[in-house]
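S.K.: For reference, the structure I am asking about is given below.
Coordinate-derived values only; no laboratory data. The structure displayed is predicted, hence computed values, not measured ones. No Cβ is skipped: glycine too gets one built from the backbone with ideal geometry, and neighbour counts run over all protein chains shown.
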Amino acid sequence: FLARRRGSLLDAREFSIPWDSGIAGYVFMAQKIRNVTDVNKDPYFDAEMDRKSGMNTTSILCVPIVSRSGATIGVVQCINKISHSLIGDSSSGGTDERFNFIKGSIKSKNSSKISISHTVFSKHDEQLAECITSIAAVSIENIGGLKDDYI
């Protein structure tokens with residue numbers, strides 16, 4: 001989301017949060033990646049967003065979007081990384097990227113049972129997210145997405 005100045009709030013289309021609240025607020029202000037493996041142990045976690053959204057957040061990877069001038073213009077927040085593996089499918093070596101999400105359940109295209117579990121975000125995930133946010137910052141600036149009311 002873009003961080004839009006409206007008093008002391010960040011407007012994120014679906015939810016508005018105080019600019020200095022929660023993990024996203026910390027990352028926005030500090031311009032530092034925050035990789036949280038257990039949100040219940042993180043001093044910046046604000047469970048209010050879980051209550052509003054119905055989510056059950058366990059882990060978060062939050063990365064600032066920083067403009068060429070060095071201003072933070074938003075954050076990207078990844079929630080609840082999952083891992084998956086196929087059970088009983090020797091042809092794929094135990095993992096398969098070809099699956100569909102159907103009404104909250106997962107069904108493999110080759111009908112194998114898929115095991116899903118939560119895991120933590122890795123250093124590789126952090127690097128990938130940094131690349132994505134760098135591209136996002138340039139794209140936002142290039143389309144003129146930063147007006148006077150944006151930070």
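S.K.: Once you list every other residue whose beta carbon is under 12 Å from the beta carbon of His118, what net charge do they have if Lys and Arg are +1 and Asp and Glu are -1?
M.R.: Overall, the nearby charge balance is 0.
S.K.: Where does each of 119-131, 52-64 land if you order them by average Cβ count within 10 Å, highest first?
M.R.: Going by the mean number of other Cβ atoms within 10 Å, highest first, we get 52-64, 119-131.
S.K.: By average Cβ neighbour count within 10 Å, what is the ranking of 67-77, 36-46 from highest down?
M.R.: 67-77, 36-46
S.K.: Quick one: net charge around Ser134, please, counting Lys, Arg +1 and Asp, Glu -1 for every other residue with C-beta under 12 Å from its C-beta.
M.R.: -1
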